[in-house]
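Undergrad: Have a look at the structure that comes next, please.
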């Protein structure tokens, strides 16, 4: 199984204003997710189990300013196959190594987050012999574990701050 998708949502972790006054933001629920895994079909039953490791990130680069939020979700989803090429699923994810970094106007910041757990609800439509289009909702929070900056005047992000990382996403899933 190979998964690729676009996600949106969550609290703003960092942001900056470009020279043309356009606002740019990095969110706890965005932006791209790619994954590999396997799906096990339970014989003739309309049930299957999918396990996958993913890389999810939001990033933005503009001249000398850059910001990103990167993490590694491990997901397990149980699907029920429905009539008409649909399936609905629910499961959990455990997110490892969530880190936000930014360098804006010469000031660098790094926020480390505790590993976290979240829940997944997904509905998919089978569009080809080996492909699905899926819409999903993920509910999760990120708890700040560490914070560092090169600035002497910036307001620090307190340890224990919680960012809502809940998001929706549209995915293409290829299975063989």
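Undergrad: For residue 40, work out the one condition from (1) touching a strand residue (DSSP E or B) at 6+ places or on another chain (Cβ under 8 Å); (2) touching a residue at least 12 places away in the same chain (Cβ under 8 Å) it doesn't fulfil.
TA: (2)
Undergrad: Could you grab me the full set of residues in the range 13-44 that are buried (at least 20 other Cβ atoms within 10 Å of the Cβ) and more than 13 Å from the chain's Cα centre (by Cα)?
TA: Within the range 13-44, 13, 14 meet the criteria.
Undergrad: Taking the range 158-173 on its own, how many of its residues are under 30 Å from residue 108 (Cα atoms) and crowded, with 19+ Cβ neighbours inside 10 Å?
TA: At the first step, the residues of the range 158-173 found to be under 30 Å from residue 108 (Cα atoms) are 158-169.
Now drop any that are not crowded, with 19+ Cβ neighbours inside 10 Å, which leaves 163, 165, 167, 169.
Adding up the residues that qualify gives 4.
Undergrad: Which one is nearest to residue 136 (Cα to Cα), of the residues in the range 46-80 that are modelled with pLDDT under 95 and more than 13 Å from the chain's Cα centre (by Cα)?
TA: 60
Undergrad: Based on this model, can you work out whether residue 110 counts as at pLDDT 95 or above, over 16 Å from residue 144 (Cβ atoms) and over 11 Å from the mean Cα position of the chain (by Cα)?
TA: Working: at pLDDT 95 or above: yes; over 16 Å from residue 144 (Cβ atoms): no; over 11 Å from the mean Cα position of the chain (by Cα): yes.
When the stated conditions are applied, residue 110 does not pass them.
Undergrad: I need the full set of residues from the range 134-157 which are surrounded by fewer than 18 Cβ atoms within 10 Å (Cβ to Cβ) and outside any strand (DSSP E or B), in order please.
TA: 150, 151, 152, 153, 154, 155, 156
The values are calculated or read from the model by the stated rules, or taken from the named source; none is laboratory data. As the structure is a computational prediction, the values presented were derived from the model and not from experiment. We place every Cβ from the backbone using ideal geometry, glycine too, and count neighbours over all the protein chains shown.
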